[in-house]
1. Could you tell me which of the residues N183, N247 is more than 20 Å from the chain's Cα centre (by Cα) and either of a type in the set (A, V, I, L, M) or part of a helix (DSSP H, G or I) (or both)?
2. Under 6 Å by Cβ, and 6 or more places apart or on different chains, what pairs join a residue from the range 76-94 that is closer than 12 Å to L262 by Cα with one that is part of a loop (DSSP other than H, G, I, E, B) and hydrophobic (A, V, I, L, M, F, W, C)?
3. So which residues in the range 159-175 are touching a residue at least 60 places away in the same chain (Cβ under 8 Å) and either in a strand (DSSP E or B) or within 25 Å of S19 (Cβ to Cβ) (or both)?
4. Of all residues in the range 78-113, which are outside any loop (DSSP other than H, G, I, E, B) and surrounded by fewer than 18 Cβ atoms within 10 Å (Cβ to Cβ)?
5. Within the range 40-67, how many residues are part of a loop (DSSP other than H, G, I, E, B) and either over 24 Å from N152 (Cβ atoms) or at pLDDT below 95 (or both)?
6. Which one of the conditions (1) over 19 Å from R249 (Cα atoms); (2) under 18 Å from the mean Cα position of the chain (by Cα) does A85 fail to meet, given that it meets all the rest?
7. Looking at A104, A37, A2 in this structure, which one is under 14 Å from Q242 (Cα atoms), modelled with pLDDT under 95, touching an Asp or Glu at 6+ places or on another chain (Cβ under 9 Å) and small (G, A, S)?
8. From M155, M160, grab the single residue that is out of contact with any Phe, Trp or Tyr (no Cβ under 9 Å at 6 or more places or on another chain), hydrophobic (A, V, I, L, M, F, W, C) and farther than 21 Å from D95 by Cβ.
Amino acid sequence: MAIDDSAPAPNSERAACISPLASRRAIRAGRVQGSTAGFAPGYLQGNLAILPKALADDFLQFCVRNPKPCPLIGVSEPGSPHIPALGQDLDIRTDLPGYRVFRASTDYERVSDLCEIWRSDLVTFVLGCSFTFEDALMRAGVPLRHIDHGRNVPMYETNMPTAAAGRFHGPTVVSMRSFKPSNAIKAILYSDRYRLAHGAPLHIGQPEAIGIQDLSKPDFGDAPVLEEGDIPVFWACGVTPQVAIRNARPDFAITHEPGMMLITDVSAEAAEFSVMATPA
């Protein structure tokens, strides 16, 4: 089933999705078709990467080598669409507003659920998302313009390479939020507390220094809302592994649509000051 992501979820729907379970059920019912920014405040949201078991070890190694853009918060058993540790009544096949399906190509198909294409060898990886620390910023009185204007956060490919693992490689992708100088300082301090949600920014100001030539033209998401005197602040983004998967060209793979996340039952406090545990 094709999806329509031309508009974000309306504010009324976002306001109704206070709990993670209510959010997932609204998404599953098709009432949410856009960004999940602002949904289920206080809970961890996650990026998605789904791969055949044969590629799972290499992708896990890619996450371990690149913890800032790929903070791992959950992995499924092969073939299971459920990760019980992340949520009650959670189904990977239906509980995100949009997915991208890759088939041995850099091109992809957009779908709204995975029920018809699910396979018994698929392993799901859920990676932390910067939407998690946005709630802390808003509670501190720091405005987030993409949420205020009902937009998806802008995301950009940079000239900062990731550490490759097997076939997985590519540039670091960043998400950008702009602030007045005093609020930029708050954003840096607050986000650093959430290590499973990408932590502190990778770069501040001067987008051209990281290969971004035009802030008004993001590679993913919506154009930013910028005001005079703003400082652009850039965080590592969970679209990074999506680009690595695109570059690897696996025979079959699934990711989330940028900005359309899995909303978990895990409290954001679990991401506060946390560091991903890596295999010995």
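The values are calculated or read from the model by the stated rules, or taken from the named source; none is laboratory data. The model shown is predicted, which means the values in this text are computed figures rather than measured ones. Using ideal geometry, Cβ is built from the backbone for each residue, glycine included, and neighbour counts are taken over all protein chains shown.
1. Within the list N183, N247, the selection yields N183.
2. Here the result reads R93/L114; R93/C115; R93/W118, each pair linking the range 76-94 to a residue that is part of a loop (DSSP other than H, G, I, E, B) and hydrophobic (A, V, I, L, M, F, W, C).
3. If the condition is that a residue be touching a residue at least 60 places away in the same chain (Cβ under 8 Å) and either in a strand (DSSP E or B) or within 25 Å of S19 (Cβ to Cβ) (or both), then A165, F168, P171, T172, V173, V174, S175 are the ones that fit.
4. Scanning the range 78-113 gives P84, A85, V101, E109, R110.
5. Here the count works out to 4.
6. It fails just one condition, (2).
7. Result: A104 is the single residue among A104, A37, A2 that is under 14 Å from Q242 (Cα atoms), modelled with pLDDT under 95, touching an Asp or Glu at 6+ places or on another chain (Cβ under 9 Å) and small (G, A, S).
8. M160
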